[in-house]
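Taken together, the values in this text are just the output of simple stated rules run on the coordinates, not laboratory data. Since the model is a prediction, treat every value here as computed from it, not as a measurement. So basically every Cβ, Gly included, is an ideal-geometry build from the backbone, and we count neighbours across all protein chains shown.
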């Protein structure tokens, strides 16, 4: 097997069309599926699948964009950290331009703050080793997919006793947000397409409790066009037959029990905590914080953040409603008018996985 | 952010590995999948392999897709 064999056949046009036909048969009544994951939203729109989906099927973008759900206050706090003379803030690139109450990391950098873009948490640790005169702070955003990598990095920093490395933890957990959306009852969801790479860590098993509690179909789904269509078929078939529970479409990557080694590392370094989500507010037990044993790496404890600015979203920005699945991006008056990728007003237009950015770039879905 | 790319493991040295994506090669951490061996495939996210690809499952899906594509 070549690495290309894990990509190209999953984009096969004829197989895609055959699955679209199966989907048309499977959707027997109006059906609303939420794709929780921003990577799904982008993959779906980029592959042009909207035109292949029957009208009675609505796909609703959910809160699964880590940059988008990072609270404005956390971003404003990060800008404050970056402005300390002895600090280098390291972050994934999408965070730079997210506006938070008139601030952004990019604006701080333009005024001289030291902000570096990294593609891996290990790169931020390398920067700490190379710059012993500075405190290097990594903005740890991301879901269960990313938290194990950060846990492994913090552990390495602990083993090596790297004393100038700090982590500003803003990790979020997906199943509690899925539960919160169902609990609120604000948005009608007949079934979930569950995020494939989050599930690689937490396992398909992780959705079983909420599938039972809310009697909702959950289908763990991959990211290629045939994956997405097959996941939608399975979810639609479950909806049609009144079945609930968990199915796993992405079996080549996701095991029922997930990656136990990765979860053990996360448990060793982090503990579950309440977390504030943009748009969804504070959700109990939906985030992570460093355990006391690793407190010396905790940027939230190392700096006095008592005068960190409270930041609000730009006036008129409806990012929060987009993240809750209440509106599709084009329903926001700012979308495409004053809010564009060049001059984003909200996080959902900044992140490459934000629903607004994806709709702007690839065109929206009618009827969503 | 939750983007994961399949890569082929070429060489393992402790918790680090060299993976290839077609003609491109990078060095990643395999601390989360320490059992991985050269020749196996992993999903790479943020510089870490987060999962090993199950080749039997992949081949089974490929067989089904092949049938769909041929029909």
Computed over chain B: longest principal axis from alpha-carbon atoms vs helix B:55-70 long axis, angle to nearest 10 degrees, is 30 degrees
Contour minus end-to-end for residue A:293 and residue A:160, with contour as 0.36 nm per residue of separation and end-to-end as the Cα-Cα distance? 46.4 nm
Sort A:294, A:223 so the one with the fewest other Cβ atoms within 10 Å of its own Cβ comes first. A:294, A:223
Taking 0.36 nm per residue of sequence separation and subtracting the Cα-Cα distance, how much length would be gained by fully extending the chain between residue A:186 and residue A:55, in nm to one decimal? 44.9 nm
Length-normalised contact order of segment B:5-70 in % [C-alpha pairs under 8 Å, at least 6 apart]: 27 percent
For a test of the definition: using alpha carbon positions, the gyration tensor, and the 1.5 limit on a/c, classify segment A:214-368 as rounded, prolate or oblate. oblate
With 5 Å bins from zero, work out the P(r) of segment B:5-70 over every alpha carbon pair and list the percent per bin. 4, 19, 28, 19, 12, 10, 6, 3, 0
Mean per-residue count of partner chain Cβ within 10 Å for A:195-204 equals 3
Note the full-extension length gain between residue A:134 and residue A:17 as 0.36 nm times their separation in residues minus their Cα-Cα distance, in nm to one decimal. 36.6 nm
Under the rule a/c < 1.5 gives rounded, and otherwise a/b versus b/c splits prolate from oblate, where does the protein assembly as shown land using the Cα gyration tensor? oblate
Compute the long axis of helix A:174-184 from its Cα atoms, compare it with the longest principal axis of the Cα atoms of chain A, and write down the angle in degrees, 0 to 90, nearest 10. 60 degrees
Protection proxy ranking of A:34-46, A:333-345 - average other beta-carbon atoms within 10 Å, highest first: A:34-46, A:333-345
For an R0 of 30 angstrom, estimate the FRET efficiency from the Cβ-Cβ distance between residue A:106 and residue A:304 and round to the nearest 0.05. 0.75
Angle check, please: helix A:121-130 long axis (alpha carbons) against the longest principal axis of chain A (alpha carbons), in degrees 0 to 90, nearest 10. 20 degrees
With only alpha-carbon atoms in the gyration tensor, what are the semi-axes of the equivalent ellipsoid for segment A:1-126, in Å, largest first? 41, 20, 10
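Can you check how the C-alpha radius of gyration of segment A:119-171 compares to 2.2 N^0.38 Å, as a plain ratio?
1.04
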For A:95, A:232, A:1, what ranking results if the residue with the fewest other Cβ atoms within 10 Å of its Cβ goes first? A:1, A:95, A:232
If you count, for every residue in A:249-257, the Cβ atoms of partner chains within 10 Å of its Cβ, what is the mean? 5
Go ahead and collect, in residue order, the members of segment A:147-183 whose backbone nitrogen is under 11 Å from a label point 7 Å along the Cα-Cβ direction of residue A:285. A:176
For segment A:84-229, what number results from the quotient of the Cα radius of gyration and 2.2 N^0.38 Å? 1.29
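Let me confirm one metric for peptide A:6-18, namely the mean number of other chain beta-carbon atoms within 10 Å of its residues' beta-carbons. Don't skip to the answer; put the middle values down first.
Numbers: counts 11, 4, 0, 7, 4, 1, 6, 1, 6, 9, 3, 2, 6.
Taking the mean over all residues of the peptide, I get 5.
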Relative contact order (%) - criterion: Cα under 8 Å, at least six apart; region: segment A:44-118: 29 percent
So if we plug the beta-carbon distance of residue B:5 and residue A:267 into 1/(1 + (r/R0)^6) with R0 = 22 Å, what FRET efficiency do we get, rounded to 0.05? 0.25
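Given segment A:306-346, what whole percent of its Cα pairs are spread farther than 15 Å?
More than 15 Å apart: 45 percent of the Cα pairs in segment A:306-346.
Can you tell me, using C-alpha contacts under 8 Å and at least 6 residues apart, the relative contact order of chain A as a whole percent?
It comes to 23 percent, rounded to a whole number.
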Cα gyration tensor category, rounded, prolate or oblate, for segment A:1-61 with a/c compared to 1.5: oblate
Taking neighbour counts of Cβ atoms within 10 Å as a proxy for exposure, in what order, fewest first, do A:91, A:31 appear? A:31, A:91
Segment A:309-332-segment A:211-229 distance, computed between alpha-carbon centres (Å): 26 Å
Given R₀ = 25 Å, FRET efficiency for residue A:340-residue A:119 by Cβ-Cβ distance, to 0.05? 0.45
